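Notes to accompany the following structure.
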Amino acid sequence: MPSFVIVTVDGTTYQEGEPAEHSPALAGIGAGEQVLESFVYVDGDVVLRYGSYRLRIPQTRIDCIAHTA
């Protein structure tokens, strides 16, 4: 079971252990085999870490972050 799930206002979900291929932006640059490892807050945005790749989501697009563990 993932330890966190992030849901955006448009209903997109990101959860720990999910492959980057779920994100077209990351899959398009070759990160598709990486999995979501963690997230941090940077300057009010949420930054998802997929191995050495990062996906930055503006805080205004985040609906909720649930910690499941």
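The values are calculated or read from the model by the stated rules, or taken from the named source; none is laboratory data. Predicted, not measured: the structure shown is a model, and the values here were computed from it. Cβ coordinates were reconstructed from backbone atoms using ideal geometry, including for glycine residues, and neighbour counts include every protein chain displayed. Surface accessibility is based on the protein's heavy atoms, side chains included, excluding ligands, DNA and RNA. Shrake-Rupley method; radii C 1.70, N 1.55, O 1.52, S 1.80 Å.
Quick look at the values:
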{"read-out": "Percent carbon-and-sulfur accessible area, segment 20-69, ignoring ligands, DNA and RNA, probe 1.4 Å", "value": "51 percent"}
{"read-out": "For the chain, accessible area per residue (1.4 Å probe, heavy atoms of protein chains only), Å²", "value": "59 Å²"}
{"read-out": "Computed magnitude of the charge dipole of the chain (debye, nearest 20; Cβ of K, R +1, Cβ of D, E -1)", "value": "120 debye"}
{"read-out": "Ellipticity estimate at 222 nm from DSSP helix runs (n ≥ 4, -39,500 (n - 2.57)) divided over the chain, nearest 500", "value": "-1000 deg cm²/dmol"}
{"read-out": "Lys/Arg +1, Asp/Glu -1 at C-beta; the chain dipole; positive extreme among 53, 19, 5", "value": "53"}
{"read-out": "Options [x] 53, 19, 6; [y] 37, 13, 10; [z] 17, 14, 11 - which one matches semi-axes √(5λ) of the Cα gyration tensor in Å as calculated here", "value": "[z]"}
